[in-house]
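Student: If you scroll down you'll find the structure; I have some questions about it.
The values are calculated or read from the model by the stated rules, or taken from the named source; none is laboratory data. What you see is a predicted model; the values in this text were computed from it and never measured. Methodologically, a virtual Cβ is constructed for each residue, glycine included, from the backbone with ideal geometry; neighbour enumeration extends over all protein chains shown.
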Amino acid sequence: MNPQAEQLNKIIEEKNPVVLELLSERGKNIFFPKKGILGQTADAKGTKINATIGAAIEDDGSPMRLEAIASKVGLDPSLIFPYAPSFGRPDIRAKWKSMIYEKNPSLEGQELSLPVVTNALTHGISMAGYMFLNPGDEVIVPDLFWGNYNLILNNAYGASLTKFNLFKNGGFDLDAFKAKLEYGGIGKKVLILNFPNNPSGYTPTFEEANAIIEIIKESAEKGNKLVVITDDAYFGLVYQEGIATESIFASLCKLHENILAVKVDGPTKEDYVWGFRVGFITYGIKNGDAHMYSALEAKTAGAIRGNISNSANISQSLLLGAFNSTEYHKQKEAKFNIMKARYDAVKEALTDNKYNECFTAIPYNSGYFMCVKLVDGLDGEKVRQVLIEKYSIGLINLNNVLRIAYSAVAASDVKELFEGIYNACLDCK
Ligand SMILES: Cc1ncc(COP(=O)(O)O)c(C=O)c1O
C-alpha cells in the first residue's frame, strides 16, 4: 500500500476504526497524491516563470483561450478555462456546505466534511461505490429505485442490489425495511435512501422518517456497521404538509458511531442544471472531526483524480455566481411554484374514480415523478406503445407500473395526460 494511503487510513482509524472497516479495498488503497506533479505544481505557485502546469497561458498570464468560446460566456476567463481542483473549487465547496446547514437546520452543531465536488450525482454515487463497495457486497435499496444504480454499483463495482418492499397500506413499509436490515446477521451493511424517490415520487412522513431512523439506530446498536448513502437528487421538492423537508442525512450523521452517512446531492434537479454536471459528496458521523473528514475527502478526491481528474470549472463558477445572487431564492421559489402547480394538477386529475378501472396511483408527494400501477391483465408495454402511437403521450413503463414525469408536463396538459392513459388502457383491455 502506498504510504500516503496508509497515513490517511491511520488518521481515520485513530478517530473511528469502524470507518476504516467500512472502506472497500479500493477505498483503503486510495489517496490524493501530494507528491509528484501535483505537489511540485503547488510548490511552484507564485513563481515568475511557471512551467509546471499542464495548461497553456497567454503572454499576459491569463488562460490561453479562443475568443469564439470566451465571447459566449460573461465570466472572467480564470473562472472558465483552467482546471478546477479534484476536490472541487474551495469557494463552491464552502458555499455548498453552508447551504446544507441552511437547508437542514437540525444539523446545527454537527460537524460534517467539506463537500467534495463530483461530476453530478451519478458520479457521486459511483465514487461512494468506489470508497465503500467490494465485489459481492450487498446494497439495500427499495424495490422501486433508480435503475442506474445497477450500472453504477453492480456493473462497475460488482455489488449486488438487494430490495425491500417499499409500500404497504399507502405508506412506507417499515417492517420490510427492518427485516431487510436484519437479514444476514451482524456485519457491514450498505444502503441507499433516496427521498424524494425516483420513480415513486415519495418522501416519508415525519413519523415514518423517525421510524426509519430508529430502525437504523437499533441496527447499529446491535453491532452492525453501516454506510447509509442518501441520494438527495430531488431535495427540496416536497409539495405536501407533514412530510420531512430536511434530508434524512441530517439525522443519520449524528446517530451512532457505527453509522457513516454519505450525502450525495447537487444542483442537477434542485436548480434545474441537468447538463452542468456538478454534484457533491459529503460525510457525516457521530463524533466525526475535521481531521478524519479531511482524510475521507482526500481519499474521495484521489478516486476522482484517477477517474475524471476534476469537474468542470465553468459549471462550478456559474453555479457559485447563482448561489451568491440576491435573486437566487426568489427565482427558485418561482420554479418550485410551477412544479407544485403540476403536482396539484395531478392530484386533481386523479380524483376521477373512473381511472380505478385501469390504474391506481402509488403513494407520491414530492420530486419529479409519480407512478400508476395498472390493474391485472393490462400490459404496460402495450399501453405505452398505444400511448405513443394513438395519443402522442410518452412515459416510462416499469413492469406494468407507469412512471409519469409530471415535472415535464404543463399543468394545463395534465388532465389530457391521464385521459390518454385511461383511454389507452381501455384500448388494450
Ligand atoms: C435518484 C436519482 N439519483 C441520481 C440521479 C443522477 O443525477 P445526475 O444527473 O446529477 O447525475 C438521478 C437522475 O435521474 C436520479 O433520479
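Student: State the number of residues belonging to the stretch 347-380 that are touching a Cys at 6+ places or on another chain (Cβ under 7 Å) and assigned to a helix (DSSP H, G or I).
Tutor: Looking only at that region, the number is 0.
Student: Please go through the stretch 277-292 and give me each residue that is more than 9 Å from the ligand (Cβ to nearest atom) and either over 12 Å from the mean Cα position of the chain (by Cα) or more than 20 Å from F132 (Cα to Cα) (or both), ordered by number.
Tutor: Once the filter is applied, which keeps residues that are more than 9 Å from the ligand (Cβ to nearest atom) and either over 12 Å from the mean Cα position of the chain (by Cα) or more than 20 Å from F132 (Cα to Cα) (or both), the stretch 277-292 yields Y283, G284, I285, K286, N287, G288, D289, A290, H291, M292.
Student: Next up: Among the residues of the stretch 261-275, are any buried (at least 23 other Cβ atoms within 10 Å of the Cβ), aromatic (F, W, Y) and touching a residue at least 40 places away in the same chain (Cβ under 8 Å)?
Tutor: no
Student: Right, T351: farther than 29 Å from Y239 by Cβ, of a type in the set (S, T, Y) and at pLDDT 95 or above or not? If you could, list the steps in order and put the result at the bottom.
Tutor: On the way: farther than 29 Å from Y239 by Cβ: no; of a type in the set (S, T, Y): yes; at pLDDT 95 or above: yes.
In short, no.
Student: Return yes when A42 is part of a helix (DSSP H, G or I) and at pLDDT below 95 and no when it is not.
Tutor: The answer is yes for A42.
Student: Still on this structure: State whether one or more residues within the stretch 376-397 are within 30 Å of the chain's Cα centre (by Cα), in contact (Cβ under 8 Å) with a residue 24 or more places away in the chain, buried (at least 19 other Cβ atoms within 10 Å of the Cβ) and within 16 Å of the ligand (Cβ to nearest atom).
Tutor: Yes - at least one qualifying residue is present in the stretch 376-397.
Student: Within the set of pairs 6 or more residues apart or between chains, which connect a residue that is over 18 Å from A233 (Cβ atoms) inside the stretch 182-197 to a residue that is crowded, with 21+ Cβ neighbours inside 10 Å and among the charged types (D, E, K, R) with Cβ atoms less than 6 Å apart?
Tutor: Sorted first by the residue in the stretch 182-197, then by its partner, the pairs are K188/K225.
Student: Go through the residues of the stretch 198-205 one by one and say whether even a single one is away from the ligand (no atom under 16 Å from the Cβ), surrounded by fewer than 23 Cβ atoms within 10 Å (Cβ to Cβ) and either more than 24 Å from E108 (Cβ to Cβ) or not assigned by TED's automatic domain parsing to the domain that holds Y293 (or both).
Tutor: no
Student: Output yes when any residue across the stretch 220-228 is surrounded by 22 or more Cβ atoms within 10 Å (Cβ to Cβ), of a type outside the set (S, T, N, Q), under 15 Å from the mean Cα position of the chain (by Cα) and within 12 Å of the ligand (Cβ to nearest atom), and no when none is.
Tutor: Scanning the stretch 220-228, I find no residue that is surrounded by 22 or more Cβ atoms within 10 Å (Cβ to Cβ), of a type outside the set (S, T, N, Q), under 15 Å from the mean Cα position of the chain (by Cα) and within 12 Å of the ligand (Cβ to nearest atom), so the answer is no.
Student: Take the residues in the stretch 311-331 that are surrounded by fewer than 21 Cβ atoms within 10 Å (Cβ to Cβ) and assigned to a loop (DSSP other than H, G, I, E, B); name whichever of them is nearest to the chain's Cα centre (by Cα).
Tutor: A312
Student: Can I ask one more? Find all pairs meeting these conditions: Cβ atoms under 8 angstrom apart; at least six residues apart or on different chains; first residue within the stretch 210-234 and free of Cβ contacts under 8 Å to residues at least 24 places away in the same chain; second residue within 16 Å of the ligand (Cβ to nearest atom).
Tutor: none
Student: Report, by residue number, each residue of the stretch 257-274 that is closer than 15 Å to A220 by Cβ and near the ligand (Cβ under 9 Å from one of its atoms).
Tutor: none
Student: In the stretch 277-306, what residues are closer than 19 Å to Y234 by Cα and either among the charged types (D, E, K, R) or in contact with a Pro (Cβ under 7 Å, 6 or more places away or on another chain) (or both)?
Tutor: R277, V278, F280, I281, T282
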